[in-house]
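Structure first, commentary second.
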Amino acid sequence: MTPQDTGAPPEPESTPEVAAPPGDETPDSTPEPAPLPVLTEPAEGIPPVITLESELDACAQAIGSGVGAVALDAERASGYRYGQSAYLVQVRREGSGTWLIDPVTLPDLTPLDRAIGTGEWILHAATQDLPCLRELGLAPRQIFDTELAARLLGLPRVGLAAVIEHYLGISLAKEHSAVDWSTRPLPEPWLRYAALDVEVLTEVRNLMGADLAAQGKSEWARQEFEALLSWRPAVKEDPWRRTSGLHKIRQPRVLATVRELWYERDRIARDRDTSPGRVIPDTALVDIALADPQAPGDLPRGHRAIQRSQRAWLDAVARARRLPDDELPPASVKSDGPPPQRSWANRDPLAADRLTATREALGSFADERTIPIENVCSPDPLRRVVWSPPQDLSPEGFTEALADLGVRPWQREIVAPMLADAFAAHPDA
């Protein structure tokens, strides 16, 4: 689980009292709200960490005999280990209690998956945990995502601690959210934190469900949660292009050098099972590429990581140097989508006007229903359908076009008429 906002705002610094001038109202003397109580201990204490198959079978049996939805969470070692594998899994169900599972010693959690069966999963920020849970043999059939529900409900903050504060009036400590969960044995304070992450999820989920119904958003949430069942992380093409500082480089040969260095760093990180950023930072990769070194003495100074793997970096630079010109990467990759919106006014003013009109209608709807505008319709499909509209400019035509771009039915029902109105208000010359 990623770090979240930790709760009550800090108290403002005190200021000297100043007498009000005659005729002015007395300064506001409303007392500061009392700090929220902090959830510090799991109701049944800190459960032991399961490391044996017999213990996993007992956990599965207990979860299978419980009632209601199942709260789950996973802790990763982001920034410490290579990849996004889980290093602790937490599960809780009413009537079953909380269980902590070590997936390092128990990498196959299919017994637990069978025990949950078609039961509903409760997750916070599901897209963060679903990939690593699927690696362990856990696949949901129903999901309730409390972070996504918070967005649909228009909560000002959607971190787990903030959501718990909003619904239960208690604060959840998050001081261990970014630790190295691959540490063994796991310290007791970390285990306490992990158990608390699933302690009240079921109660929060039930309260959020009631609010979704009261706001007429239950169907919206159902469609969003159902889409999570088939969600998979996007496969990044040319991931090396995300190297920090790459925007400073335009020469194809230097870009090829960054690419070779990036993949060399990735290989080293995978072999060491560590985060690539811990092998060498992006800035050092760019510095090496710009230096174009041919010998150890040519390598940039100031980065200890450069000196540690001199031969690896020099070999990567040499590979880039040997590439023929027709194998060098272009300075930029052509997008299959519309041009940047900032250029629309010059390239197609009519499309710019239509997009502005649609976004204004969307903004009004979002304000009235207290929901972020991007949750009503993501910017990318909206721009695509405005830039390359369907032949049928009716609401039905836009509905079909939005469906082809993966827009949910509830979103299409709202956005398609807005698009039709925008095009009618700004017709072709």
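Close contacts from the stretch 46-59, counting a first residue that is surrounded by fewer than 17 Cβ atoms within 10 Å (Cβ to Cβ) and a second that is in a helix (DSSP H, G or I), with Cβ to Cβ under 7 Å and a gap of 6+ residues or different chains, come to 57/111. Look at the stretch 404-416: where a residue is in contact (Cβ under 8 Å) with a residue 60 or more places away in the chain and aromatic (Phe, Trp, Tyr), no partner that is assigned to a loop (DSSP other than H, G, I, E, B) and surrounded by 14 or more Cβ atoms within 10 Å (Cβ to Cβ) sits 6+ places away or on another chain with Cβ atoms under 7 Å.
Can you pull out every residue in the stretch 379-401 that is crowded, with 16+ Cβ neighbours inside 10 Å and either under 24 Å from the mean Cα position of the chain (by Cα) or not in a helix (DSSP H, G or I) (or both)?
Those that are crowded, with 16+ Cβ neighbours inside 10 Å and either under 24 Å from the mean Cα position of the chain (by Cα) or not in a helix (DSSP H, G or I) (or both): 381, 382, 383, 384, 389, 390, 393.
Once the stretch 332-369 is narrowed to residues that are of a type in the set (Gly, Ala, Ser) and loosely packed, with under 11 Cβ neighbours inside 10 Å, the residue that is farthest from residue 422 (Cα to Cα) is 332. Scan the stretch 241-261 and report the pairs whose first residue is in the same structural domain as residue 282 (by TED's automatic domain parsing) and whose second residue is hydroxyl-bearing (Ser, Thr, Tyr) and at pLDDT 95 or above, with Cβ atoms within less than 6 Å and a gap of 6+ or a chain change. Hits for this filter: 258/243.
Residue check: is residue 125 out of contact with any Phe, Trp or Tyr (no Cβ under 6 Å at 6 or more places or on another chain) and crowded, with 22+ Cβ neighbours inside 10 Å? Working first, answer last.
Values: out of contact with any Phe, Trp or Tyr (no Cβ under 6 Å at 6 or more places or on another chain): yes; crowded, with 22+ Cβ neighbours inside 10 Å: no.
When the stated conditions are applied, residue 125 does not pass them.
Residue under question is residue 110, and the condition is that it be of a type in the set (Ser, Thr, Tyr), more than 25 Å from residue 54 (Cβ to Cβ) and not assigned by TED's automatic domain parsing to the domain that holds residue 377; does it hold? No; evaluated as a whole, the condition is false for this residue. Filter the stretch 216-265 down to residues that are part of a helix (DSSP H, G or I) and over 29 Å from residue 323 (Cα atoms), then give me how many there are. Qualifying residue count, the stretch 216-265: 11.
Might you check whether a residue that is modelled with pLDDT of 95 or more, among the acidic types (Asp, Glu) and not in a helix (DSSP H, G or I) occurs anywhere in the stretch 308-319? No, there is no match, as no residue in the stretch 308-319 is modelled with pLDDT of 95 or more, among the acidic types (Asp, Glu) and not in a helix (DSSP H, G or I). Listed conditions (1) modelled with pLDDT of 95 or more; (2) over 21 Å from the mean Cα position of the chain (by Cα) are all met by residue 171, apart from (1).
Picking from residues in the stretch 69-78 that are under 17 Å from residue 124 (Cβ atoms) and at pLDDT 95 or above, the one that is farthest from the chain's Cα centre (by Cα) is 69.
For the stretch 286-338, the set of residues classified as among the acidic types (Asp, Glu) and touching a helix residue (DSSP H, G or I) at 6+ places or on another chain (Cβ under 7 Å) consists of 292, 298, listed by residue number.
Residues of the stretch 196-214 include none that is surrounded by 14 or more Cβ atoms within 10 Å (Cβ to Cβ), at pLDDT below 95 and β-branched (Val, Ile, Thr).
Tell me the residue from 367, 353, 287 that is in contact (Cβ under 8 Å) with a residue 60 or more places away in the chain, part of a helix (DSSP H, G or I) and out of contact with any Lys or Arg (no Cβ under 7 Å at 6 or more places or on another chain), please. Exactly one residue qualifies, and that residue is 353.
Within the stretch 81-102, being within 22 Å of the chain's Cα centre (by Cα) and not hydroxyl-bearing (Ser, Thr, Tyr) holds for 81, 83, 84, 86, 88, 89, 90, 91. For the stretch 72-90, enumerate the residues that are polar (S, T, N, Q) and part of a loop (DSSP other than H, G, I, E, B). The answer is 78, 84, 85.
The values are calculated or read from the model by the stated rules, or taken from the named source; none is laboratory data. Keep in mind it's a predicted model, so treat the numbers as computed, not measured. Cβ: placed from backbone, ideal geometry, glycine included. Neighbour counts: every protein chain shown.
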